[in-house]
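Accompanying notes for the structure given below.
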Amino acid sequence: MLRDPIADVHSDAWWMRVCEGTLSPQEEAHWQAHLAQCEACRQEWAAMAQVDMLLRTAAPPPMLALDFTVQTVERITHKQKLRQMLRFVVGMVVLGLVAWIGWAYFGAALSGAVRALTVMISGRQILFAALIRTLVGLAVTVKSLLPLLLGIASTTLLFLMPNGILASFALAWLTKRKRAAGAAA
Amino acid sequence: MEDWMLLAQRGDETAVNRLVTTYQQPVFNLCYRMLGEYTEAEDATQEALVKAVLNLHAYDAERPFKPWVLRIASNECIDRIRRRKPVVSLDGMGEDGAWEWQAGHSPNPESEMLHREQQVQIQEMLESLPPLDRTVITLFYWEGLSYTEIGDVTGLSISAIKSRLFRARRVMAQLIVGSNMLGSKTMEEERYVA
């Protein structure tokens, strides 16, 4: 039921319904009757039909160049690599900043521990150097003791150097495992 | 997300190649209609595809991929249109000032002339529209997207899409009426009516 037919047929809402094809048979009849009388609507309706036809029958755009895919993929992979490098650099900078801030705030406590460790290592190194000098002196003086002295020097190296401590623990662990495997057998 | 898309996100060249090959033409079709010039449309297409691959982590795998990549392309084209200086570029124009038909595969001069005429008409009509309306028209008529998918690309509601489609067609119709082109059908149009 149309409240105001003449106003309605010139409204956007009516025209949208005409374009979508949602008029009732009664409204369609009214519309056709109006078109027969209204030159402006008839012209506009014909123009809209022409637009619709033009758009629907338009030739497709041209095809892309043959090397387009290759160029695009190259550009993408290049940018991805740049991003990875940037992430790595930013990560290192952040790590450096965190370490610097950490050292600035906790450096006093850490430096004491580092000093103690340094003294331990250098102390051991001094002790080891002195021991080696003694053993070499003995070896030169009493040549028959050479193999024994070499053995003692090697053992001392293992126990007194920091990496020797790790090697000692590894050796002890391996020996324990071997004994356990032997006991199980 | 499909497996090959995940691989593309991680930089696998084969997967990236597949993604680009699958979507380059639909993206180019949109860019060409929106920008009206082959070289610029090609640049915009490449830019859109690069952005799409580099931002795959932002893609919601629950939704279809095509509207998502077309949205990126549409935004790229709208940015380029807004950055354009208000001077008509001579790129792509032939000696007579008409938009040059770039396909190069028309079989005969008559057909090429017809295509050029049609292209000029369509491009003039599209240039008269705001960028968003141009996107809606292109997606509706040439990409075959549904109203929902157009909404995914443009961020508009279905009623807003219908309204924009109607207003865009009306503006283009007024251009035709204004230029007195009504009734002077091209040969293609006569064949269509027949």
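The values are calculated or read from the model by the stated rules, or taken from the named source; none is laboratory data. Here the structure is a predicted model, which means the values were calculated and not measured. Cβ placement follows ideal geometry from the backbone for every residue including glycine, while neighbour counts extend to all protein chains displayed.
Observations
- For the stretch B:136-149, a residue qualifies if it is without any contact (Cβ under 8 Å) to a residue 24 or more places away in the chain and assigned to a helix (DSSP H, G or I), and the qualifying residues are B:Y141, B:Y147, B:T148.
- The stretch B:104-126 residues that are among the β-branched types (V, I, T), paired with ones that are surrounded by 15 or more Cβ atoms within 10 Å (Cβ to Cβ) and at pLDDT 70 or above (beta carbon under 6 Å, 6 or more apart): B:I122/A:A58
- All positions within the stretch B:11-22 that are at the interface with chain A (Cβ under 9 Å from one of its Cβ atoms) and over 26 Å from the mean Cα position of the chain (by Cα): B:G11, B:E13
- Against the test of being more than 9 Å from chain A (Cβ to nearest Cβ), within 16 Å of A:T57 (Cα to Cα) and at pLDDT 90 or above, the options B:L139, B:L156, B:L129 yield a single qualifying residue, B:L139.
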